[in-house]
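Asker: Would you mind keeping the following structure in view while I ask a few things?
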């Protein structure tokens with residue numbers, strides 16, 4: 001195989017392809033990039049056997065063929081060569097890369113017969129969505145996802161297509177977020193998309209206006225004119241999230257998001273780093289955040305002056321970081337917290353009918 005392209009084309013391609021590279025792996029093939037040149041163009045592909053990226057580059061094809069690049073070495077070479085044309089020749093176990101100014105690199109490669117095949121996209125179930133809407137969905141749910149080999153079902157976000165509604169849900173067992181929208185597709189079923197793929201997809205969405213998320217077999221695909229991103233779907237049963245969201249929450253706290261954010265920031269000064277616990281206190285018509293660090297003899301009492309609450313007195317314990325995350329992601333300035341008592345799940349739900357987001361946090365037992 002012999003082709004001629006540019007540093008800019010290679011740099012753009014390998015910036016994407018390197019996202020699937022793993023520094024430590026028992027399978028050396030995943031740290032190689034596949035290249036193929038034919039009458040239809042030049043295609044590069046990389047995968048970690050879970051997530052894959054395929055992209056095209058503009059190049060002159062002197063002779064067709066295929067081969068494997070060692071991904072990290074190619075990145076190093078691309079970074080040191082000057083701008084301009086780059087000639088690439090693959091012959092047997094060797095690759096020659098020559099820059100326009102004559103700098104030449106000879107590196108070894110490996111046989112490609114064992115390289116994994118690219119899964120076929122049969123375009124079976126298509127979910128069209130505007131890129132900015134999908135990006136917002138990912139931003140809202142991804143921060144909760146915790147990759148845990150012992151809990152694979154929680155290592156991604158669940159896209160649940162019902163008859164009239166699409167739910168996008170993530171949970172780590174201590175908190176949960178659900179975003180609901182109208183289902184305008186003919187898809188029916190649930191698909192758990194891994195966190196790594198969502199991270200890659202989120203970066204890719206910056207350059208597009210609208211995308212199709214396609215579920216085909218046991219993979220999910222997303223593509224534009226030059227790139228194809230795909231991932232295995234997590235083959236696990238996602239928890240029954242509707243069962244853990246309480247339907248009755250007689251107590252409602254209304255306050256300003258900025259007021260709550262400032263109180264949480266103040267409370268972090270005295271929080272115990274081992275427990276990360278704070279308390280939300282409802283006493284004598286007053287609402288305040290409190291944190292205590294007995295070992296350092298610190299206490300913070302932060303009143304929530306914008307709070308409106310008429311319920312019973314109680315104290316609810318929280319993990320500070322969980323509450324900070326939920327408040328920071330909350331989409332409106334008017335913050336609404338619904339709850340039943342100090343031991344039940346707490347919900348943050350906007351009143352606007354145009355924003356159907358439910359954020360759930362489980363309370364913790366306070367040790368003061």
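All of the numbers you see were taken from the coordinates with simple rules; none came from a lab. Fair warning: this is a prediction, and the values are worked out from it, not measured in the lab. Please note: Cβ atoms are built from the backbone with ideal geometry, for glycine as well, and neighbour counts cover all protein chains shown.
Asker: How far apart, in nm, are the 7 Å Cα→Cβ label points at residue 146 and residue 353?
Answerer: 3.8 nm
Asker: Further question: Over the chain, what relative contact order in percent results from Cα pairs under 8 Å that are six or more residues apart?
Answerer: Rounded, it is 12 percent for the chain.
Asker: Given only helices, namely DSSP H runs of n ≥ 4 each adding -39500 (n - 2.57), what is the per-residue ellipticity at 222 nm of the chain, to the nearest 500 deg cm²/dmol?
Answerer: Rounded to the nearest 500, the figure is -5500 deg cm²/dmol.
Asker: Here is a further query. How many angstrom separate the Cα center of the stretch 38-94 from the Cα center of the stretch 222-241?
Answerer: 25 Å
Asker: Could you put 131, 38, 295 in order, starting from the residue whose Cβ has the fewest other Cβ atoms within 10 Å?
Answerer: 295, 38, 131
Asker: List the relative contact order of the stretch 245-361 as a percent without decimals, with contacts defined as Cα pairs under 8 Å and 6+ residues apart.
Answerer: Reported as a whole number, the value is 30 percent.
Asker: Which residue, 185, 20, 55, has the most motion in a Gaussian network model of the chain that connects Cα atoms within less than 10 Å?
Answerer: Highest fluctuation among the options: 185.
Asker: With each label point set 7 Å from Cα along the Cα-Cβ vector, what nm distance links residue 113 and residue 66?
Answerer: According to this spin-label approximation, the distance is 1.4 nm.
Asker: Taking the number of other C-beta atoms within 10 Å as the exposure measure, put 353, 98, 305 in order starting with the fewest.
Answerer: 353, 305, 98
Asker: So what's the angle, to the nearest 10 degrees on a 0 to 90 scale, between helix 131-141 and the longest Cα principal axis of the chain?
Answerer: 50 degrees
Asker: Another one. Choose one answer from 93, 119, 246: the residue with the largest mean-square fluctuation in a GNM of the chain with alpha-carbon springs under 10 Å.
Answerer: Of the options given, 93 has the highest mean-square fluctuation.
Asker: Against the longest principal axis of the chain, how steep is helix 71-80, in degrees 0 to 90 to the nearest 10, with axes from Cα atoms?
Answerer: 80 degrees
Asker: Given a cut-off of under 8 Å on Cα pairs at least six residues apart, what relative contact order in percent is computed for the stretch 23-69?
Answerer: 39 percent
Asker: While we're looking at this one, here's another question. Relative to the longest principal axis of the chain, what angle (0 to 90°, nearest 10) does the C-alpha long axis of helix 257-267 take?
Answerer: It is inclined by approximately 90 degrees.
Asker: PRE reach from residue 50 (point 7 Å along Cα→Cβ): which of the stretch 187-231 fall under 18 Å by backbone N?
Answerer: What the label zone holds, given the 18 Å backbone N cut-off, is 191-203, 218-222, 229-231.
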